[in-house]
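Here's the structure we're looking at; comments come further down.
The values are calculated or read from the model by the stated rules, or taken from the named source; none is laboratory data. These figures come from a predicted structure and were not determined experimentally. No Cβ is skipped: glycine too gets one built from the backbone with ideal geometry, and neighbour counts run over all protein chains shown. Heads up: the accessible areas ignore ligands, DNA and RNA and are worked out on the full protein's heavy atoms, side chains in. Shrake-Rupley method; radii C 1.70, N 1.55, O 1.52, S 1.80 Å.
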Number of protein chains: 6
Amino acid sequence: MKVHLTRRYSFSASHRLHNEALSAEENRRVYGKCNNAYGHGHNYSLEVTLSGRVDPRTGMVCDLGLLDNVVSHEVLDRFDHENLNLRPEFAGRAPTSEILAKQIFELLKERFPAAQVEKIRLEETSQNSFEYAGGGEIRP
Amino acid sequence: MKVHLTRRYSFSASHRLHNEALSAEENRRVYGKCNNAYGHGHNYSLEVTLSGRVDPRTGMVCDLGLLDNVVSHEVLDRFDHENLNLRPEFAGRAPTSEILAKQIFELLKERFPAAQVEKIRLEETSQNSFEYAGGGEIRP
Amino acid sequence: MKVHLTRRYSFSASHRLHNEALSAEENRRVYGKCNNAYGHGHNYSLEVTLSGRVDPRTGMVCDLGLLDNVVSHEVLDRFDHENLNLRPEFAGRAPTSEILAKQIFELLKERFPAAQVEKIRLEETSQNSFEYAGGGEIRP
Amino acid sequence: MKVHLTRRYSFSASHRLHNEALSAEENRRVYGKCNNAYGHGHNYSLEVTLSGRVDPRTGMVCDLGLLDNVVSHEVLDRFDHENLNLRPEFAGRAPTSEILAKQIFELLKERFPAAQVEKIRLEETSQNSFEYAGGGEIRP
Amino acid sequence: MKVHLTRRYSFSASHRLHNEALSAEENRRVYGKCNNAYGHGHNYSLEVTLSGRVDPRTGMVCDLGLLDNVVSHEVLDRFDHENLNLRPEFAGRAPTSEILAKQIFELLKERFPAAQVEKIRLEETSQNSFEYAGGGEIRP
Amino acid sequence: MKVHLTRRYSFSASHRLHNEALSAEENRRVYGKCNNAYGHGHNYSLEVTLSGRVDPRTGMVCDLGLLDNVVSHEVLDRFDHENLNLRPEFAGRAPTSEILAKQIFELLKERFPAAQVEKIRLEETSQNSFEYAGGGEIRP
């Protein structure tokens, strides 16, 4: 009996979409107002989906206390109330939500012995969300 | 032409996460405050997803009146405004949302001749949700 | 310059609407399925609205850390994951959301020296909410 | 590295569920109050999900400006603030959300050279949603 | 002890904003695409706020069953799945949400002997809402 | 006949809560992680509430096109995708939501000849919101 568990977290961060390998004009064309010089910010809503066999003793897929500890330590402590452009994870790259979703997946995927990280869903605004479910290299 | 239809229902119930096969200390450690002696409760949001071929005569996958009748009879009448620990479906088991999602799937899966129950999604709080899509025994 | 600040909290609890001063039949008639013998539960969403002068030094009405501490201590520790019928605050009374909102207002109203508790809003389900803004005795 | 991007749009339209190939009585039985003679309406929430390889230069799956232009031109200009029964896309058919989701998928599916339209999700009300992910003929 | 109770309902209807006392050009200028010839529609979310003294016997402001009956009979049966332009309540007037909110207030205000209708809030879309709290003539 | 109209907008911005008149240690104590050196960001949800007499010719309180133009020009063009600390409106002050709500009220209050700006509600996150309804000096 396999169940998917999804738990929602939130954090706030600032970023500026800007790639130093592009010219100023290209940056402006590619990123529009997201390239504004001094950045802007978002309340990110993060959904972590785990799957696993329901433990017949506890009736649960994963202890939520463990999940909260891992997500706090690996994700929230790292990105909450920070400027993403200054984080080493984004050195030389624009901190788009696509790449942030992939980063979070990589940070979490080995951390749950009895469950599998199925998917990361990152909601940037109520209009836009991004999902990453593994499979693919971050720098092809 | 196959379409997925998802319809949302809600019900309120109380439960206490407690497994009589575990010691008091183990119960407390496994379930935390969800093991508090006199229980607590939730507004459950239930999403039932059916899939099927769109009937060329009606343009619909499933008559919503039929779906509502089945869900009311099989799920809402059974669990709404009840204490889940006292329901026979949970005899000898902790009424976790994982097991409740599986139960609801089993109660509905044979009831729609022209459509298939694809998935049950049960939102326990706005932070936690559980999905079950079949495949696996309830007591392994 | 006076601003209203509203901060949202949530907790889960069970209750049964039942007044021992009424007959079984009256209880059933007044409270309907909310009178079911073994109770049911809700995820309560609580909004606390404070008003006050914006401190010219900090630009804030109230320190949110202080607000969180007070609400955790006075409200969440008291009611979260509990059976409301067993709480002393509801001895001899049905634990309706009307009375719970009033109780929470009373628990908080003297706790903020520089701000005023304007209103408590308690959402019992996404369909029903209750507001109490002071003024009136709890047992008239 | 493949990411799914979902962007949400909304539009308002009226419709009447009615199929001229059915008798008045059959229409009433099949569609219930949705068959009321002068129609009713909805705020549709539309979610378009694209998938694709993250462009290593931009860190993005698809330019959101391009996506907005295509959806505005192909979907919103066509259906927003219109009566769906009078649109040529629904000639001879009841404008159900199942068929509307399929129509929107067909209108969008060839328009993004570097990304794939994975899924259309159409929320008719907060209670009902419909998903179409391709595969199947519209008139079988 | 006075508490405000708010209960939420929803209905779907179509309308066209058009005033026959205005020229075609004026109608188009005043109402924009809401004047499109064949109408469009909305899912209206209706919030009814009652206030009253909490009954010391029941702990409640108003019986919700009574409230539901009155709102179903006076509002939902009248407007749900209808074309508002064809309702007698809007003869000679454009069925704007401002006027609809006022109409609903008038339909409900005398119906609750022990509670007062404080406010009607009508959400036309997730972006727009309208509140009417009495006081003023509908045709000045 | 007086109706309140509320319309919702959103924008994204970054800020750092920091007051140069305070020491580094005081800033850290007062603002906590909101004082992190390189800032963070939010998706702000802005609700503008206008009140006015319903125009008997149009059935409306205020033309929504006019409202959108004013809010776009005065608020969104100014703050969307910007770093609030660098805006002249916040020179010498921490850009808290309390002060931002007041600023937006001041920017809008004289702009609607036939309607009154009743209230600005600014939602900083889904947990926190701030309301300003006029009356009081910004620097007392």
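Set the Förster distance to 56 Å, then compute FRET efficiency between B:ARG28 and E:GLU26 from the Cβ-Cβ distance, nearest 0.05.
My answer for the efficiency is 0.20.
Hey, got the dipole for the stretch E:10-97? About the Cα centre, +1 on K and R Cβ, -1 on D and E Cβ, debye to the nearest 20?
Values: 9 positive and 12 negative charges, 63 e Å.
Computed charge dipole of the stretch E:10-97: roughly 300 debye.
Taking θ = phi - 60°, what integer Hz values does the Karplus form 6.51 cos²θ - 1.76 cosθ + 1.60 yield along the stretch E:49-59, in sequence order, with x for Gly and Pro?
Those phi angles translate into 10, 10, 10, x, 6, 6, 5, x, 7, 9, x Hz.
Using the Karplus curve 6.51 cos²θ - 1.76 cosθ + 1.60 with θ = phi - 60°, work out ³J(HN,Hα) for each residue of the stretch D:78-88 in order, rounded to whole Hz, and write x for Gly and Pro.
7, 10, 5, 6, 10, 9, 5, 4, 9, 7, x
From the Cα trace of the stretch C:1-76, what convex hull volume per residue do you get, rounded to a whole Å³?
Each residue corresponds to 122 Å³ of Cα convex hull volume.
Which value in Å does the Kirkwood hydrodynamic radius of the protein assembly as shown take, with 1/r averaged over all unlike C-alpha pairs and then inverted?
In the protein assembly as shown this quantity evaluates to 28.8 Å.
Expressed as a rounded percentage, what relative contact order does the stretch D:1-108 have, with Cα pairs under 8 Å and six or more residues apart? Working shown, then result.
Values: 130 pairs, mean separation 41.2, N = 108.
The value is 38 percent.
Residue-wise, which Karplus ³J(HN,Hα) couplings in Hz belong to the stretch D:119-125, taking 6.51 cos²θ - 1.76 cosθ + 1.60, θ = phi - 60°, and x for glycine or proline?
Result, ordered by residue: 6, 10, 10, 10, 9, 7, 9 Hz.
What number comes out for accessible area per residue over chain A if the probe is 1.4 Å? Units Å², please.
42 Å²
Using only protein heavy atoms and a 1.4 Å probe, how much accessible area in total is buried between D and E, to the nearest 100 Å²?
Buried: approximately 1500 Å² between E and D.
Provide the net charge surrounding D:GLY41, with neighbours chosen by a C-beta distance below 12 Å and charges set as Lys +1, Arg +1, Asp -1, Glu -1.
Summing Lys/Arg as +1 and Asp/Glu as -1 gives -4.
Quick one: pull the percent of accessible area on chain A belonging to carbon and sulfur, 1.4 Å probe, ligands and nucleic acids left out.
Carbon and sulfur together cover 46 percent of it.
If the limit is 24 Å between Cα atoms, which of A:LYS119/B:LYS109; D:LYS119/E:LYS33; E:LYS119/F:LYS119 go over it?
A:LYS119/B:LYS109; D:LYS119/E:LYS33
Could you check the simple spin-label distance between F:TYR38 and C:ALA133, using points 7 Å along Cα→Cβ, in nm with one decimal?
The two pseudo-label positions are separated by 4.5 nm.
Would you tell me the mean number of C-beta atoms belonging to other protein chains that fall within 10 Å of each C-beta in D:110-117, as a whole number?
So the per-residue partner count for this stretch is 0.
State log₁₀ I(q)/I(0) for the stretch E:44-107 at q = 0.30 Å⁻¹ as given by the Debye formula over alpha-carbon point scatterers of equal weight, solvent excluded.
The Cα Debye sum returns log10 ratios of -1.44.
Evaluate peptide B:18-26: per residue, the Cβ atoms of other protein chains within 10 Å of its Cβ; return the mean as an integer.
Partner-chain Cβ atoms within 10 Å, mean over residues of B:18-26: 1.
Over the Cα atoms of chain F, Rg to Rh with Kirkwood Rh, two decimal places? Could the numbers behind the result be given before it?
Values: Rg = 16.7 Å, Rh = 16.2 Å.
Ratio of gyration radius to Kirkwood radius for chain F: 1.03.
By DSSP, what percent of the beta bridges with both residues in the protein assembly as shown are antiparallel, rounded to the nearest 5?
95 percent
For a quick check: with amide H placed at 1.01 Å from N, whose amide H comes under 5 Å from A:TYR44's, ignoring anything fewer than 5 positions away on the same chain?
A:PHE11, A:SER12, A:ALA13
For chain C, what proportion of DSSP beta bridges, expressed in % and rounded to the nearest 5, is antiparallel?
Bridges in chain C are about 95 percent antiparallel.
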